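Throughout, read-outs are computed from the coordinates displayed, never taken from laboratory work. On a predicted model such as this, the values are computed, not experimentally measured, just so you know. Here the Cβ is made from the backbone with ideal geometry for all residues, glycine too, and neighbour counts use every protein chain on show.
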Amino acid sequence: MSVVALDQLWVYLSGNPLLSLLVTLLAFMLSVRINRALGGTPLVHPVTLAIAMLIGFLLLVDMDYATYFEGAQFIHFLLGPATVALAIPLYDHRERIRRLLWPLLLACLVGIFTAVASTIAIAMVLGAQLETILTLAPRSVTSPIAMGIAEQVGGIPSLAAGLVLLTGSIGCALGPLLFRVMGIRDPGVQGFTLGLAAHGFGTAHAFARIGAVAGAFSGLAMALTGLLTAFLLPLVVRAFGLG
């Protein structure tokens, strides 16, 4: 194929919004293969690696984010059905969840308070600006909720989304190590912990690496954490005198 033909092909593809969808799928497929080749290590999470590839691609072809999102928004739309689909494993394990409902709620409340309070305290000690502190506070909930909370309390929604991704990556990397060190083998406990601390990243990791039980509890933790944080975070922020 000649250089002219390749150039014409690129002109056609670059003007087609489906290019973004194709590039996104290829980046994720390649990231999954790389992760598997490295033994499935959580240190190189497929989502994080795919994001880095996509950023490099956008910089290489000088494509702005709005143009990219025009073609990739179909994947964004599927986030809704994918989240709703988490109700299926929850239903399958509803009896066990019902028996543990109060301990799970207590663990979720303690986890939320620990995550938010420690984040705010460390940021304040390090001299972070108020806007940065309020952006960091909702880092342990899934991106759409974190962005909404950050906007509500006075943070930066777009930066909050990036911090959520970073938190999820770190949670998936450190979670399995902590489970081994602490001797935690119950898949329900592992899944709930990952969902609480690493939201969507942790839930995906629980389903893929631990099993359906862990995935169900992780999805429950992610939903509860997002819901409760939306109500409790403004109160914690005011308790620190930041509201």
Applying the gyration tensor rule to the Cα atoms of segment 127-243 (axes a ≥ b ≥ c; rounded if a/c under 1.5, else prolate if a/b exceeds b/c, else oblate), the class is prolate
Quick one: what are the phi-derived ³J(HN,Hα) couplings along segment 75-92, Karplus 6.51/-1.76/1.60 with θ = phi - 60°, whole Hz, x for glycine and proline?
5, 4, 5, 6, 4, x, x, 5, 5, 5, 5, 5, 5, 5, x, 4, 5, 5
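Report the charge-dipole magnitude of segment 82-170 in Debye, nearest 20, computed about the Cα centre from +1 at each Lys and Arg Cβ and -1 at each Asp and Glu Cβ.
Roughly 340 debye for segment 82-170.
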Among rounded, prolate and oblate, which fits segment 19-82 when a ≥ b ≥ c are the square roots of the eigenvalues of its C-alpha gyration tensor, a/c under 1.5 means rounded, and a/b larger than b/c means prolate?
oblate
Going toward the positive end of the dipole of the chain, with +1 on Lys and Arg Cβ and -1 on Asp and Glu Cβ, which of THR48, LEU21, PHE69 do you reach last?
THR48
I'd like the orientation of helix 101-125 relative to the chain: the angle between its Cα long axis and the longest Cα principal axis, in ° from 0 to 90, rounded to 10.
70 degrees
Name the most mobile residue of GLY183, GLY155, GLY200, meaning the one with the largest mean-square fluctuation, in a Gaussian network model of the chain with Cα contacts below 10 Å.
GLY183
In debye, nearest 20, what is the charge dipole magnitude of the chain about its Cα centre with +1 on Lys and Arg Cβ and -1 on Asp and Glu Cβ, if you could check?
980 debye
Could you grab the relative contact order for segment 10-156? Cα pairs under 8 Å, six or more apart, rounded to a whole percent.
17 percent
